[in-house]
Amino acid sequence: MDANGQLLESSRVNVDLGPFGAISSADFTNDGNLVVLGTQSRFPDPADRFVVTLSTDGQTEYSRFQTDQYFGGTSGIAFNPFDESIILSTGRVGVQSVFREVAKDGTLIDSLFNDPALLPNDIAFDAASGNLFATRENKPLLDEYRRDENGYTIVRSYDLTDAGLSRRPLALGIAPSNGLFYVQDNNQRIVSFNTSDLAIIAVSAPATWGFILVCLVFIMIRRKGNMNQ
């Protein structure tokens with residue numbers, strides 16, 4: 001589709017996704033190919049999840065690798081044009097939410113943890129800022145992450161209701177030509193917007209720090225009580 005939503009072309013992807021297969025997410029590489037996150041269902045067995053690199057017409061497959069090795073399933077994919085690596089949103093793993101950075105051949109480069117309460121869905125890499133954006137599962141929020149030595153730290157959240165989204169935000173994309181964001185709204189429509197048009201939601205401190213503070217206060221009270229005895 002063009003930027004106004006007019007259909008330009010439809011292609012049937014020449015990849016075997018099985019009888020209940022689906023494409024979860026996709027992004028463009030530097031050389032103009034597609035990296036596609038796919039799911040091949042084998043009910044009642046667990047589904048196979050994989051990343052496949054395709055030509056833009058979907059007819060030529062260049063490479064494929066499984067993502068089940070990263071645990072927790074996969075929900076979003078983004079291509080980092082600077083490092084030429086693939087970032088996967090692999091959902092909840094134990095008590096953590098994880099972004100996986102992998103090479104184009106599937107080699108794991110790094111596991112990057114974020115706040116387990118955020119549960120990112122689809123993701124997109126913003127070449128203008130170098131930050132990662134993610135739709136929030138079951139909430140009309142767009143989260144912006146910055147990478148640091150600890151992984152991906154949330155910078156701010158945007159209220160997607162300002163863009164007219166009132167349901168579940170799914171697929172996410174960023175146009176490199178003008179920086180517009182595109183979000184699929186509950187499998188029904190695509191909404192485009194600029195983040196400058198959205199209200200910023202305050203990011204609260206992680207719960208772990210609050211817990212640590214409570215523990216320190218408790219220790220100080222106990223120590224003071226022992227000194228008075």
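The values are calculated or read from the model by the stated rules, or taken from the named source; none is laboratory data. Treat the numbers as computed from the prediction; the structure is a model and nothing was measured. Positions of Cβ are backbone-derived with ideal geometry, glycine not excepted, and every protein chain shown enters the neighbour counts. Note: areas computed on protein heavy atoms with side chains; ligands, DNA, RNA excluded. Shrake-Rupley method; radii C 1.70, N 1.55, O 1.52, S 1.80 Å.
Can we say L112 is at pLDDT below 90, open to solvent by less than 60 Å² (accessible area, probe 1.4 Å), of a type in the set (A, V, I, L, M) and not in a strand (DSSP E or B)? Can you show your working first?
Numbers: at pLDDT below 90: yes; open to solvent by less than 60 Å² (accessible area, probe 1.4 Å): yes; of a type in the set (A, V, I, L, M): yes; not in a strand (DSSP E or B): no.
For L112, the condition - at pLDDT below 90, open to solvent by less than 60 Å² (accessible area, probe 1.4 Å), of a type in the set (A, V, I, L, M) and not in a strand (DSSP E or B) - is not met.
The residue that is farthest from E144 (Cα to Cα), counting only those in segment 78-103 that are at pLDDT below 90 and outside any strand (DSSP E or B), is G94. Filtering D126, D122 for residues that are open to solvent by 10 Å² or more (accessible area, probe 1.4 Å), acidic (D, E) and touching a strand residue (DSSP E or B) at 6+ places or on another chain (Cβ under 7 Å) leaves a single hit, D126. Filtered by the rule that a residue be in a strand (DSSP E or B) and surrounded by fewer than 15 Cβ atoms within 10 Å (Cβ to Cβ), segment 145-154 gives R146, D148.
Against the conditions (1) at pLDDT below 75; (2) in a loop (DSSP other than H, G, I, E, B); (3) open to solvent by 50 Å² or more (accessible area, probe 1.4 Å), P46 satisfies every one except (2). For segment 50-72, the criterion of being open to solvent by 30 Å² or more (accessible area, probe 1.4 Å), within 17 Å of N33 (Cα to Cα), in a loop (DSSP other than H, G, I, E, B) and modelled with pLDDT of 90 or more is met by none of the residues.
Please go through segment 1-22 and give me each residue that is open to solvent by less than 100 Å² (accessible area, probe 1.4 Å) and either touching a Ser or Thr at 6+ places or on another chain (Cβ under 8 Å) or of a type in the set (G, A, S) (or both), ordered by number. Hits for segment 1-22 are A3, G5, S10, S11, N14, L17, G18, G21, A22. Within segment 10-43, being at pLDDT below 75 and β-branched (V, I, T) holds for V13, V15.
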